Amino acid sequence: LERQLLMQNQMRERQTAMQIAWTREFLKYFGTFFGLAAIGLTAGYDIYFLTENIDILQLYLCGTGSLFSIMLNSEAENILDTQSSLLELPKGPLTYEDLEKIRRSQSKFFIEK
């Protein structure tokens, strides 16, 4: 049971690291996109300019799919290696003793001596 708890904790940490990495990458890409879009709209680019370069934009979007997943994995590994404090549970990892206390408190038939 201890091994299973350790494995589940490791899996939870990795999943949390992937979620944090995804959020960071999401903010990077969309922040950049909206920043550039605001600059572009402020500068007054017209529709003709955008339709002329639509092929370049489509090629860029097709190529970034695999790059995005590679960057996600590397960011998640970076979080696991350098920022593991983000992944810690508030009261520490769950132990067998904690599970037994919970089970005893929920059991109607067990009487503590």
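The values are calculated or read from the model by the stated rules, or taken from the named source; none is laboratory data. Please read these numbers as outputs of a predicted model, since none were measured by experiment. Note: ideal-geometry Cβ built from the backbone for every residue, glycine included; neighbour counts use all protein chains shown. Accessible surface areas use protein heavy atoms only, side chains included; no ligands, DNA or RNA. Shrake-Rupley method; radii C 1.70, N 1.55, O 1.52, S 1.80 Å.
If you go through the range 27-41 and keep only what is of a type outside the set (V, I, T) and either open to solvent by 80 Å² or more (accessible area, probe 1.4 Å) or in contact with a helix residue (DSSP H, G or I) (Cβ under 6 Å, 6 or more places away or on another chain) (or both), you end up with L27, K28, F30, F33, F34, L36, L41.
Return the residue satisfying two criteria in turn: it lies in the range 85-98 and is under 21 Å from Q4 (Cβ atoms) and not in a loop (DSSP other than H, G, I, E, B), and of such residues it is farthest from the chain's Cα centre (by Cα). Going through the qualifying residues, I end up with E97.
Taken over the range 5-40, the criterion of being of a type in the set (D, E, K, R) and closer than 28 Å to D98 by Cα is satisfied by R12, E13, R14. Residue-level analysis places R24 among those that are open to solvent by less than 80 Å² (accessible area, probe 1.4 Å), within 30 Å of Q8 (Cβ to Cβ) and modelled with pLDDT of 65 or more.
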